[in-house]
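The values are calculated or read from the model by the stated rules, or taken from the named source; none is laboratory data. Just so we're clear, the structure is a prediction, and the values are computed from it rather than from any experiment. As a convention, Cβ positions derive from the backbone with ideal geometry for all residues, glycine included, and neighbour counts pool all protein chains shown. These accessible areas exclude ligands, DNA and RNA; they are computed on the full protein's heavy atoms, side chains included. Shrake-Rupley method; radii C 1.70, N 1.55, O 1.52, S 1.80 Å.
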Amino acid sequence: MTQPPRSPLPPAWADRLLSWLCPPELREELLGDLHEQFEQHVAQLGQATARRLYLGEVIRFCRPYFISRRLRPQTASRSDFPFLPFLRPAMLRNYLKIALRNLARHKVFSAINLGGLALAIVACLLIGVFVRHEYAYDRFHTHANRIYRVWTQERYEGQPIINPVTPYILGPTLQATYPQIEQMARVETGNVNVKKGTQVFNERIHLADPDLLTLFDFPLISGSKRPLQELYSAVISEDIAQKYFGGRNPLGQTLMMQLDSLPQAFTIRAVAKTPPTNSSIRFGILIPIAHVKAFRSERALKSWFSVVPETFVMLRQGTDPDSLKAQFPALLRSQLGDKYTGNNYVINLQPLIDIHLDMTLAGGSEPVSDPTYSYILGAVAFFILLIACINFMTLSLGRSVSRAQEVGLRKAIGALRSQIIGQFWSEAMLMIGAAILLGLGLAKLVTPLFSLLVNQPLDFNFDGTMALFLVGLLLIVGLVAGSYPALVLSGFQPVEVLKGKLSLRGDANWFRRSLVVIQFGLAVLLMVGTLVLNHQLHYLQTKSLGFQREQIVILPINKTGAEGRQLVDRLRNALTAQKQVLGVTASAFPLGNSWGQMGYTDEQKVYRAFHFNFVDPYFLPTYGIRVVQGRNFDPANSADQFGAYIVNQAFVKKFGLKDPIHEPIRGLKTAHRIIGVVDNFHYASLHSDIEPLLMLVRYDSLRKVIENISVDSPTAPDVSVKLVAGNLPASLTMLEQVWKATLPNEPFAYSFLSEDLQRQYAADQRLGQLVSIASGLSLLIACLGLFGLATLAVSRRTKEIGVRKVLGASVVSVVGLLAKDFLQLVVIGVLLACPLSWWAAHQWLANFAYRVSMPWWAFGLAGIGVLVIAFVTISLQSVKAARMNPVESLRTE
């Protein structure tokens, strides 16, 4: 029997190649389709042409992906990702493409989310750089964890008096007594005239023990390794070297410094790198502390109650500071004898890295910072970031209906919920990553402006810490902002979606509305804080201080003792002859600066302390301070210079004086007597209460009965000149001319008293500016989100609006319809924010001894302001929708 002719077959080697490359689940179907196509080609084109075409089809199927897939070990399959199928590379690429398409398709919402997140990240980065700078103080020293500042505490009528400065004798005594102390250095600051050639400058100098440069890490660029061993040696910083010597080598050169009546030549033995700004010791000129003898008495140098220098110690490795402190009472008992009662004098240790942010021990050589400001700014940054995250979540939930069909179709063709969650999370991470990059660039650009605002030279350095912070920010914000929308959207049921019966569940809708409430509540909190803060600052600037502060210029003399008094007299005689001058006076401490403290123990063993100032007889009339009892100092009465006091009312009350003019001060064994009592006036900032104050002309006779005197700097006089109102530049020119004619060898410098007083509140003013900016930023971000939600609401209700317009609805009624739901949420946010705002404002105002009462109008103004801004934001979309042609509206669906 004749066999039928066999049908032509494609090349066998091509089939084997295709079988080797093709996935098993596709092999049978693909080979069948190709064979069927081959048979058609044979019938139509002939066997040879059909074989060539078949071979071409197989070659086209040999793509690199299939070849690499076949060559690598087959260790992963769908079953390997039972819980995380969205982590497959193919799925990740798919998520990225879909995310980019969605962002490009919805440009308005993408811009709102990107802009809001970027602004929030800029705020976080800048505030983070500032807080990092604050907490990095003194941490650059190699042995920072072993270095401590010694501080003392005395008790006055049961109240502790804390001094961050110590007796001169304390440091050497501690080092000689306790082997646990490896090194010790004392530091004191002062202002002196420094002369190089014909140039004379008034410079702030540091006097220190030689071990200062080995105890701390202040690198020496050139010169001796132990440069302060010689009495008339000096160490200068790079900037001082550039100022006085330019590009010349300063080593071996001299600077003339006048510490007392005669200038002395100091030889430059080393040049140090300029100390960083985050250091609690920032010197320009450093000389041996032995030179304090030029302006301190021998008695003060040996007294345990005369506290002036800061004392630093470095403990040996492994030393427990608490066990060392427990040994200090025995030392005090041996040194003070009967004056030590067990708790009236305490020596303590403060870690070096805690100095900058410890307000309880303010008063060292460098100003400290209130950590409350860092906490407030950190909270503000968190609030702004939270508002931006809420924007992201609310807009994602609001757009859920428009993406419901996409989710439904994906689920219908087999997509797992984990895959859909991965898709929405990838979109969130992409958006947040782009916002971080944009925010990083913006933060770098505005860092110089932010540095000026906070008055700190901040460096925006992208280092490992910054990278870790940004990665953490990406993960945390991505988790917070992307989690809930992803979970809600992935939970849609495909049957309901494809039937058009989708609506957000009640809990999802409630959550979205709650987010809007929180968002505007935070905005109100920041706005109330801004209003209260600015109201308090205005109060500080306008409150009567008990003296005249306008048109007064301060001229520092920078000479102590008899020489300083002679220069004051010469300058006063020259200035009083000028018609622009209303008054001239001199004092050891000008108003607006820290005044000195004195203390003594009375006959009942009670320690009594008070503030003091050395003034001349013209001080009270020049400043307009009112004498309420007795009289002022009389320049013609020599007894007033050596045997008279003037005190304030707080002094009279604290010391229990019934008749201060005729009653001696309890326990003060001196012939001095009170000749006058003045009204209480604010010689210190309004952060603190008015303390007892004593004013005298000369200190000589009081020196013997005072146990404790604490001053921040040598008591060189400052001249206060009260000018006639008017042509201020001409008056300043007159002052300079008179100065140069009268004191030709002294550098001319001046400041305005009003500006000096303002500097007491510089930190509060900077905080006010930062909170004001943050308040505006938070409201802007919140309104961006509200604008996006209003846009979504309008798009979903376009047909409804069209029907209402056809039925005669007015523009006002349509706008009210759309705005009502949102404004209700804003009102709830305002009401919930008010109690929290009151508590926060009350806590901050408690830092001031003199403060405004709680301004209730601030809550109303903030609430109304937020409502008006929210309504305007909503109206931008509502009015547009209400004015749309109803025919066009009805065609949209």
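Points worth noting:
- For Lys653, a cut-off of 24 angstrom between C-alpha atoms picks up these lysines, skipping any fewer than 8 places away in its own chain: Lys543, Lys605, Lys669.
- Share antiparallel - DSSP beta bridges, the chain, percent rounded to 5: 80 percent
- Calculated FRET efficiency, His687 to Val803, Cβ-Cβ distance, R0 = 56 Å: about 0.30 to the nearest 0.05.
- Under the span-like rule (Cα at least 20 Å along the axis, Kyte-Doolittle mean at least -0.5), DSSP H helices of the chain: 47-61, 89-105, 107-135, 371-398, 417-454, 464-490, 506-542, 728-742, 762-796, 811-845, 856-882
- Equivalent ellipsoid of segment 144-295: semi-axes from √(5λ) of the C-alpha gyration tensor, largest first, are 30, 18, 14 Å.
- Entry note: segment 255-335 has Rg to Rh equal to 1.05, where both radii use alpha-carbon atoms and Rh is the Kirkwood radius.
- What the Cβ-Cβ distance of Tyr539 and Met854 gives, at R0 = 22 Å and to the nearest 0.05, is a FRET efficiency of 0.95.
- The slack between Gln604 and Asn249, meaning 0.36 nm per residue of separation minus the straight C-alpha distance, is 121.7 nm.
- Only one of (i) 1.03; (ii) 1.05; (iii) 1.15 was calculated from the structure for Rg/Rh (Cα atoms, Kirkwood Rh), and its label is (iii).
- Neighbour net charge for Leu657 - beta-carbon separation under 14 angstrom, K R +1, D E -1: +3
- About the centre of its Cα atoms, segment 217-300 shows a dipole size close to 80 debye [charges on the beta carbon of Lys, Arg (+1) and Asp, Glu (-1) only; nearest 20 debye].
- Extension gain for Thr372-Lys325 works out to 14.1 nm (0.36 nm per residue, less the C-alpha to C-alpha distance).
- Per residue, the accessible area of the chain comes to 47 Å², computed with a 1.4 Å probe over protein heavy atoms only.
- To the nearest 10, the accessible area of Tyr244 is 10 Å² with a 1.4 Å probe.
- Computed extension gain for Glu663 through Leu357, at 0.36 nm per residue and net of the alpha carbon distance, reaches 105.8 nm.
- Rg [Å, one decimal], Dmax [Å, integer] - segment 712-863, C-alpha atoms: 28.9, 92
- Mean-position separation - Cα centroids, segment 590-638 and segment 784-853, in angstrom: 58 Å
- Positive-pole candidate from Ile281, Trp20, Gln551, dipole of the chain, charges at beta carbon: Trp20
- When the convex hull of its Cα atoms is projected in every direction, mean area for segment 288-403 (nm²): 14.0 nm²
- Reachable lysines, given that their alpha-carbon falls under 18 Å from the alpha-carbon of Lys411 and they are not under 8 places away in the same chain: Lys499, Lys501
- Mean residue ellipticity, 222 nm, helices only, the chain: the sum of -39500 (n - 2.57) across DSSP H runs of n ≥ 4, divided by residue count and rounded to 500, is -16500 deg cm²/dmol.
- Protection-proxy order for peptides 29-40, 139-150, 519-530, each taking the mean of Cβ atoms within 10 Å per residue, highest first: 519-530, 139-150, 29-40
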